[in-house]
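The structure under discussion appears below in the form of structure tokens.
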Amino acid sequence: MSMTSSGEEVVSPGKDEGFRFGDWKLVVVKSHIMGSACTNSCSSPTESNQQLCNFCRYEQELSLPSLPDMVFADNMLEVQHAEGGSINFTALDALKCVNNQQDTLQVAHANAWKEARADCEFAKKVVKPYDWTYTTDYRGTLKPPLSSIPTTERIDLDKLRVREEIKFYDEVFLYEDELDDNGSTRCVVKVRVMPSGFFVVLRHYLRVDMVLVRVNDTRLYSPAGASYVLRESSTREAPIQSLEVPHSVICDPDLVWQYLPVIREDIDKLIIES
Ligand SMILES: [Zn+2]
């Protein structure tokens, strides 16, 4: 298992700090990987441990038979507006969007899967149906008065490619798992602030070796001075055998997405409701 560099980082900027940009504030919280057992004797509550530890909270709030190897339970990116209202990104809410009833990938790729995984320990986990790839269609957690309305406006990606001063940048890991060395599933949110606006990408990357690559992206963009955010989500996916790109590209979430066909799109606009 490979450890990400940010996996060992422990930075706690505190809730009140953050980067201000016009009426917006971008708050990043980074902490360590959640342990794989209760850390607070939550099952026998005493006065000193009234609050559940992260492990027990995750167990209580998620009905998944297992969790990714690396969960950054305290990590968060929050985009707050001065009038109240925010959108934030956490591992708990991302994992709440994982299908806990159905193993959708096994159905769609059953033959390739069976062939590749014939005598693999990992395949046994598939017996109880849930999405063992931890694919999430999470789009961030909205707090009113920030709310979603339909729009035909699109994020101008060409404008974002123009080289500009980066006033603030950060990368926040939410969860990651190597699928017992059969690939990778990874959920990361990045934020970038430029003079012309701020840009957030929440990316879920899935690679099941010999089977498929899937990228679920949610992009947020707010031009400088605006009190709204455009939000675009997409699912891109292709069987690995159909991709004519080097293996190193397939393994790089930040490169491979542009080679994958879009199979789903969801576009809306976040506004402050008055
Ligand atoms: Zn506990």
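The values are calculated or read from the model by the stated rules, or taken from the named source; none is laboratory data. Here the structure is a predicted model, which is why all the values come from computation and not from measurement. Neighbour counts are summed over all protein chains in view; Cβ atoms, including those assigned to glycine, are modelled from backbone coordinates with ideal geometry.
What about residue 105, is it away from the ligand (no atom under 16 Å from the Cβ), within 23 Å of the chain's Cα centre (by Cα) and modelled with pLDDT under 90? It is true that residue 105 is away from the ligand (no atom under 16 Å from the Cβ), within 23 Å of the chain's Cα centre (by Cα) and modelled with pLDDT under 90.
Any residue in the range 74-87 that is assigned to a loop (DSSP other than H, G, I, E, B) and modelled with pLDDT under 90? Taking every residue of the range 74-87 in turn, none turns out to be assigned to a loop (DSSP other than H, G, I, E, B) and modelled with pLDDT under 90. Which condition number in (1) surrounded by 11 or more Cβ atoms within 10 Å (Cβ to Cβ); (2) modelled with pLDDT under 85 is the one that residue 15 fails? Going through the list (1) surrounded by 11 or more Cβ atoms within 10 Å (Cβ to Cβ); (2) modelled with pLDDT under 85, residue 15 breaks only (1).
Which residues, counting only those in the range 46-66, are more than 10 Å from the ligand (Cβ to nearest atom) and free of Cβ contacts under 8 Å to residues at least 40 places away in the same chain? It would help to see each step written out before you state the result.
Start the filter on the range 46-66 by keeping residues that are more than 10 Å from the ligand (Cβ to nearest atom), which leaves 46-48, 50, 61-66.
Once the filter is applied, which keeps residues that are more than 10 Å from the ligand (Cβ to nearest atom) and free of Cβ contacts under 8 Å to residues at least 40 places away in the same chain, the range 46-66 yields 46, 47, 48, 50, 61, 62, 63.
Whenever a residue of the range 170-194 is of a type in the set (Lys, Arg), its partners that are in a loop (DSSP other than H, G, I, E, B), lying with C-beta atoms within less than 7 angstrom and at least six residues away or across chains, give the pairs 192/166. Each residue in the range 255-274 was checked for being surrounded by 12 or more Cβ atoms within 10 Å (Cβ to Cβ), in contact (Cβ under 8 Å) with a residue 24 or more places away in the chain and not in a strand (DSSP E or B), and 4 of them qualify. Here residue 130 does not qualify as in a loop (DSSP other than H, G, I, E, B) and surrounded by 21 or more Cβ atoms within 10 Å (Cβ to Cβ).
What number of residues in the range 137-185 are aromatic (Phe, Trp, Tyr) and within 22 Å of residue 20 (Cα to Cα)? Write out each step before concluding.
Step one: filter the range 137-185 for residues aromatic (Phe, Trp, Tyr), giving 138, 168-169, 173, 175.
Now narrow it down to the ones that are within 22 Å of residue 20 (Cα to Cα): 168-169, 173.
The qualifying residues number 3.
Of all residues in the range 171-202, count the ones that are closer than 24 Å to residue 248 by Cα, modelled with pLDDT of 95 or more and not β-branched (Val, Ile, Thr).
Keep residues of the range 171-202 that are closer than 24 Å to residue 248 by Cα, which gives 171-190, 201-202.
So of that shortlist, the ones also modelled with pLDDT of 95 or more come out as 171-177, 184-190, 201-202.
Filter once more, so that each one left must be not β-branched (Val, Ile, Thr): 171, 173-177, 184, 186-187, 190, 202.
The number of residues fulfilling the criteria is 11.
Taken over the range 24-45, the criterion of being within 8 Å of the ligand (Cβ to nearest atom) and outside any loop (DSSP other than H, G, I, E, B) is satisfied by no residue.
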